[in-house]
Amino acid sequence: MSPNSPPNSKTHRSPYWQSSEGWEVRLSNSRKVPYFFNSQTKQSTWEPPAGLSKEQIESLPGAELLSGSYEEAADSHTGQVRASHLLVKHKDSRRPASHKSSNITRTKEEAISILRTYQQQITDAGDDYQKAFASLAHEHSDCSSFSKGGDLGWFGRNQMQRPFEEATFALDVGKVSDVVSTDSGVHLILRTG
């Protein structure tokens with residue numbers, strides 16, 4: 001078995017598999033970029049897992065998806081944008097649940113009203129609007145990106161829902177969108193790169 005192959009049985013574990021504690025590299029179906037997944041804890045992250053060396057990361061199962069070193073992959077953003085967002089879901093969202101609530105019952109109009117309140121707080125923050133955006137996303141966003149202040153990382157065309165993608169690509173870096181509606185809910189988007 002090569003160190004880049006996941007074990008093919010529950011009883012056989014390579015020494016590397018044990019030392020990396022279940023981490024592997026997978027390709028995101030929606031964004032078509034590699035991410036790190038821990039098969040033991042079910043945790044996923046766009047960033048390399050803390051505590052793993054460059055050599056360990058490069059020998060993870062699926063590491064060939066990183067197309068070179070992970071630093072090179074992280075620095076290659078031609079044709080991509082980077083954005084943060086603040087998502088408020090509503091009862092008609094494609095998945096009306098989040099880390100905050102297992103059953104979201106608010107209407108779309110209520111979600112937009114909530115988002116408008118956050119939009120005003122961001123505007124009122126003046127020069128500190130990016131910090132205010134990240135803080136509000138961390139505290140209130142219904143997206144799992146809340147833990148990173150809403151940061152979604154870099155993405156290209158056809159990797160996000162169409163209205164979200166179009167709004168993000170239309171923004172100048174450092175600008176915040178008006179309310180954007182997608183199947184996921186309603187968003188404010190801050191283009192960061």
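The values are calculated or read from the model by the stated rules, or taken from the named source; none is laboratory data. Keep in mind that what you see is a predicted model, and the values were worked out from it rather than measured. To get the accessible areas, we keep the full protein, side chains included, count just its heavy atoms, and leave off ligands, DNA and RNA. Shrake-Rupley method; radii C 1.70, N 1.55, O 1.52, S 1.80 Å.
Summary table
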item	result
Average accessible surface area per residue within the stretch 43-171, 1.4 Å rolling probe, Å²	55 Å²
Hull-based mean projected area of the stretch 34-156, where the convex hull spans the alpha carbons, in square nanometres	9.7 nm²
Relative contact order (%) - the stretch 117-187, alpha-carbon pairs under 8 angstrom, separation at least six	16 percent
Carbon plus sulfur fraction of accessible area for the stretch 80-191, probe 1.4 Å, in percent	45 percent
